[in-house]
Amino acid sequence: MLKTVPPINRAGWPVIAVFAAVALAAAWVWQPLGWAGLVLTLWCAYFFRDPARVTPVRAGLVISPADGVIQSVGPGEAPIELKMEGPLNRISVFMNVFDVHVNRMPVAGRVEEVQYRPGKFFNASLDKASEHNERQSIRLITEGGERIGVVQIAGLVARRIKCDVGAGQEMRAGERFGLIRFGSRVDVYLPATIPAMVAPGQRAVAGETVIADFRAQEEPREGEVR
């Protein structure tokens with residue numbers, strides 16, 4: 001039974017401890033408040049769960065960096081700090097407060113650039129969030145020389161981005177690199193010639209769902225609700 005319970009990401013323990021302390025204090029003041037605090041503490045532990053994932057490792061595959069819904073697929077201008085010029089294809093994954101928020105690398109490669117940019121906290125599902133919200137931008141280069149951008153974007157509730165990588169670091173596809181607290185979005189920027197293998201509205205699983213393929217020759221995929 002215990003093996004079916006996913007571990008908790010270590011970044012979550014301090015937050016869970018705060019929730020638990022507040023719950024105990026609330027229970028001392030008024031018992032019903034303590035029960036409400038317990039529910040919130042359990043939810044907090046659930047939020048920071050960090051399940052293992054099985055990552056496809058073939059060269060050329062681009063894997064989803066986040067759990068959530070594919071918010072949009074199409075042309076997009078990368079944040080200026082990524083220094084990625086030319087036409088790009090952007091795939092956005094929106095995470096609600098019930099999704100796993102541990103982010104994973106979409107490709108294997110070397111981190112070339114990591115830049116933090118403060119900003120606002122609009123709803124992460126809005127397109128303007130890519131430009132105006134607080135974000136952490138990462139540019140990687142693969143062994144094949146392809147460059148992609150990964151941008152963690154804070155949302156309306158999320159107020160803290162955690163990124164654990166630095167320039168020059170070698171990463172594997174599916175490897176954990178950070179998280180965003182309490183609802184947010186992750187954008188992936190690819191060359192415009194690389195078709196998306198997912199459609200808006202589709203659910204993606206971090207470290208497992210293939211969202212693009214540098215070797216693909218097919219047209220971008222469309223989705224249909226059934």
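In summary, strands (runs of 3 or more DSSP E) completely within region 32-125 and bearing 2 or more residues that are in contact (Cβ under 8 Å) with a residue 12 or more places away in the chain and more than 23 Å from Ile141 (Cα to Cα) occur at 68-75, 88-95. Every listed requirement among (1) of a type outside the set (A, V, I, L, M, F, W, C); (2) under 17 Å from Val111 (Cα atoms); (3) surrounded by fewer than 18 Cβ atoms within 10 Å (Cβ to Cβ) is met by His132 save one, (2). Test Gly144 against the criterion of being surrounded by fewer than 16 Cβ atoms within 10 Å (Cβ to Cβ) and either at pLDDT below 90 or β-branched (Val, Ile, Thr) (or both), and give yes or no. No: the conditions fail for Gly144. Across region 153-172, the qualifying residues are those that are at pLDDT 80 or above, open to solvent by 30 Å² or more (accessible area, probe 1.4 Å) and out of contact with any Lys or Arg (no Cβ under 6 Å at 6 or more places or on another chain), and the one among them that is farthest from Val15 (Cα to Cα) is Gly168.
On inspection, Ile16 passes the criterion of being surrounded by fewer than 21 Cβ atoms within 10 Å (Cβ to Cβ), free of Cβ contacts under 8 Å to residues at least 40 places away in the same chain and not hydroxyl-bearing (Ser, Thr, Tyr). Do we find a residue being at pLDDT below 95 and open to solvent by 60 Å² or more (accessible area, probe 1.4 Å) anywhere in region 207-217? The answer is yes; a qualifying residue exists. For the residues Ala59, Ala78, Ala21, the requirement of being out of contact with any Leu (no Cβ under 7 Å at 6 or more places or on another chain), of a type in the set (A, V, I, L, M, F, W, C) and within 30 Å of Gly144 (Cα to Cα) singles out Ala59. Kindly indicate whether Ala21 is assigned to a helix (DSSP H, G or I) and at pLDDT 95 or above. Criteria met by Ala21. Determine whether Val150 is of a type outside the set (Gly, Ala, Ser), within 29 Å of Ile8 (Cβ to Cβ) and assigned to a loop (DSSP other than H, G, I, E, B). The answer is no for Val150.
When restricted to residues that are in contact with an Asp or Glu (Cβ under 7 Å, 6 or more places away or on another chain) and open to solvent by less than 10 Å² (accessible area, probe 1.4 Å), region 110-122 contains 0.
The values are calculated or read from the model by the stated rules, or taken from the named source; none is laboratory data. Not measured: the values here are computed from a predicted model. Glycine gets a Cβ as well: all are built from the backbone with ideal geometry, and neighbour counts include every protein chain shown. Protein only, heavy atoms only, side chains kept; ligands, DNA and RNA dropped before computing areas. Shrake-Rupley method; radii C 1.70, N 1.55, O 1.52, S 1.80 Å.
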